[in-house]
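Here the structure is laid out as structure tokens; the discussion comes afterwards.
The values are calculated or read from the model by the stated rules, or taken from the named source; none is laboratory data. All values derive from a computational prediction rather than experimental measurement. So basically every Cβ, Gly included, is an ideal-geometry build from the backbone, and we count neighbours across all protein chains shown. All accessible areas refer to the heavy atoms of the entire protein, side chains included, with ligands and DNA or RNA removed. Shrake-Rupley method; radii C 1.70, N 1.55, O 1.52, S 1.80 Å.
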Amino acid sequence: MALFCSLVILLMTNLFYMPVQSLNNEGIALWSLKRSIREDPSRFLKNWSLSDETPCKWRGVKCIRDRVVSLSLSNKNLTGFLPPIFGNLSVLRHIFLRNNNLSGSLPVTLFDLNGLQSLVLSGNSFSGMIPEELGKLGSLQTLDFSGNSFNSSVPASLLWCGQLKVLDLSRNGFSGSLPDGFGTRLTRLKHLNLSFNKFTGSIPSDMGNLSSLQGTLNLSNNLFSGLIPANLGNLPETVYIDFSHNNLSGPIPQNGALLDAGPTAFVGNPLLCGAPLESMCPPDIPSGRNGQAPRINGTLIMIVVELCFLFINRNYN
């Protein structure tokens, strides 16, 4: 009997001291992210605990009124993947995960965060396709996928992200042509970097409508082909333009922002000609200030014709 009572007391004691999970749904969602991290060399996530009521005191987590609005885990050398947790983080506004060792494809639930304003995943090893659900992020202002291994085309739904100010897809394996309407639907862009990919097709002529650009228009090291649209000269003259190392051809339009670009902006396109490059355009390729054939004065033509008639009549007589 004494042994039985001792066992009962021991059991009750264990139950009394057993930690009770009180973490809310947002905390449970972030806890699953911690479980998906295989390596955390700096132990940055050490204080993420199931015994907390909310994750608002966790490192890298910012809350407003006990709701998670920002997740910042950049430069922590975290190794792992992103689980489909984001449906429970409905008021999340900013995700900063740059410069880690995260890999795999992006969970579709990531794009259910229709209030998301910043999505920065640069400097990781994410791969696969960007889903059409990207277009759900209508409030997105910063999209930085640079320095990953994405290898699909850019979905047309990107154009639904009309609030974008920063778009950086550089140093990936993106291919195909840019969606039609790129320059008319994303007019708030201030920074655009598509360099070091495998984009093909022509440069959209409506890119000249990106009048808000302040920093960079970088399309270098791709497979863009065809003529440089003349209306790109309408871009602000302070914009740095880089079209180098593509398959562009024909005369470089001599107007506006294009006129101010130096030769390094166009090198690596063997079929481009005209200033500021040293290679002159052949006589059979027309060029002008607007990238069009120069107009010939009608009066000059009449004078030339009359001189020809006089010359012929003189020889005949």
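Total residues in the range 72-81 satisfying the condition of being open to solvent by 10 Å² or more (accessible area, probe 1.4 Å) and touching a residue at least 40 places away in the same chain (Cβ under 8 Å): the figure is 3. For the range 201-211, the criterion of being open to solvent by 50 Å² or more (accessible area, probe 1.4 Å), under 18 Å from PHE174 (Cβ atoms) and assigned to a loop (DSSP other than H, G, I, E, B) is met by at least one residue. Among the numbered conditions (1) crowded, with 18+ Cβ neighbours inside 10 Å; (2) over 15 Å from LEU143 (Cβ atoms); (3) out of contact with any Gly (no Cβ under 7 Å at 6 or more places or on another chain), the only one that GLN214 does not meet is (1). The residue that is surrounded by the fewest Cβ atoms within 10 Å (Cβ to Cβ), counting only those in the range 24-58 that are under 12 Å from PRO83 (Cα atoms) and hydroxyl-bearing (Ser, Thr, Tyr), is SER32. For the range 123-150, a residue qualifies if it is in a loop (DSSP other than H, G, I, E, B) and touching a Phe, Trp or Tyr at 6+ places or on another chain (Cβ under 7 Å), and the qualifying residues are ILE130, PRO131, LEU137, GLY138, ASN148. Within the range 169-189, the set of residues being closer than 23 Å to GLY138 by Cβ, open to solvent by less than 60 Å² (accessible area, probe 1.4 Å) and not in a loop (DSSP other than H, G, I, E, B) comprises PHE182, GLY183. With the structure loaded, tell me whether ASN114 is at pLDDT below 95, out of contact with any Asp or Glu (no Cβ under 9 Å at 6 or more places or on another chain), more than 19 Å from PHE196 (Cα to Cα) and not aromatic (Phe, Trp, Tyr) or whether it fails that test. When the stated conditions are applied, ASN114 passes them.
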